[in-house]
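For reference, the structure discussed in these notes is given below.
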Amino acid sequence: MIDGGGLSNSSDPYLTRLAKYVPGEATGLFLLLSAIKPSWVEGTAIGCLAFSGTWIWFTGRNLHSRVKPRRWNYFLSAVAFPFWAIVVSPDLAAKLPGSIDHATATYYMVVAAVLIPALDGYLNDRFPRLLPHR
């Protein structure tokens, strides 16, 4: 899940770097449901996208403010999920307007895997968490 720690380790593969912004529960659910019923891949993707943000909120709602997901984490997750999904699901990529081929989907994913952690790092630096006074 999102740790809000900024840039991830640059030695990670791009897909792994991007998946760090999407809850594993959402990725697992997407993979399971799209394997069971490939004809519903668009609906599965939309449902899992919504589930992703809901899961971040659900797991973070009782956390201390120092580790609670930042507001932009919901946005970054919502952006990261589709890029991750079109690479792992050729069925989804084929059903998008223009029928995105795997090479193009991979290119988009690599760009997203570079820009999303960079934006996260920038936002964490620009808006640091305020620590409570003792």
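The values are calculated or read from the model by the stated rules, or taken from the named source; none is laboratory data. Not measured: the values here are computed from a predicted model. Note that each Cβ is placed from the backbone with ideal geometry, even for glycine, and that neighbours are counted across all protein chains shown.
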Tally the residues that are loosely packed, with under 11 Cβ neighbours inside 10 Å and either under 19 Å from the mean Cα position of the chain (by Cα) or within 14 Å of Gly24 (Cα to Cα) (or both), restricting the search to segment 47-68. 2
If a residue has to be buried (at least 17 other Cβ atoms within 10 Å of the Cβ) and polar (S, T, N, Q) to count, how many in segment 70-105 make the cut? 3
The conditions are (1) at pLDDT below 85; (2) in contact with a Leu (Cβ under 9 Å, 6 or more places away or on another chain), and Met109 fails exactly one of them. Which is it? (1)
Starting from segment 56-74, keep only residues that are under 18 Å from Pro128 (Cβ atoms), then list their pairs with residues that are among the aliphatic types (A, V, I, L, M) and assigned to a helix (DSSP H, G or I) whose Cβ atoms are within a distance under 6 Å, requiring at least 6 positions of separation or different chains. Pro69/Ile56; Trp72/Leu123
What do you reckon, is Asp120 surrounded by 13 or more Cβ atoms within 10 Å (Cβ to Cβ), under 18 Å from Val41 (Cβ atoms) and acidic (Asp, Glu)? no
Residue pairs, Cβ under 6 Å, 6 or more apart or interchain, first in segment 100-116 and under 12 Å from Trp84 (Cα atoms), second surrounded by 16 or more Cβ atoms within 10 Å (Cβ to Cβ) and of a type in the set (S, T, N, Q). List them. none
Looking at segment 18-41, is at least one residue part of a helix (DSSP H, G or I), modelled with pLDDT under 90 and within 25 Å of Ala118 (Cα to Cα)? yes
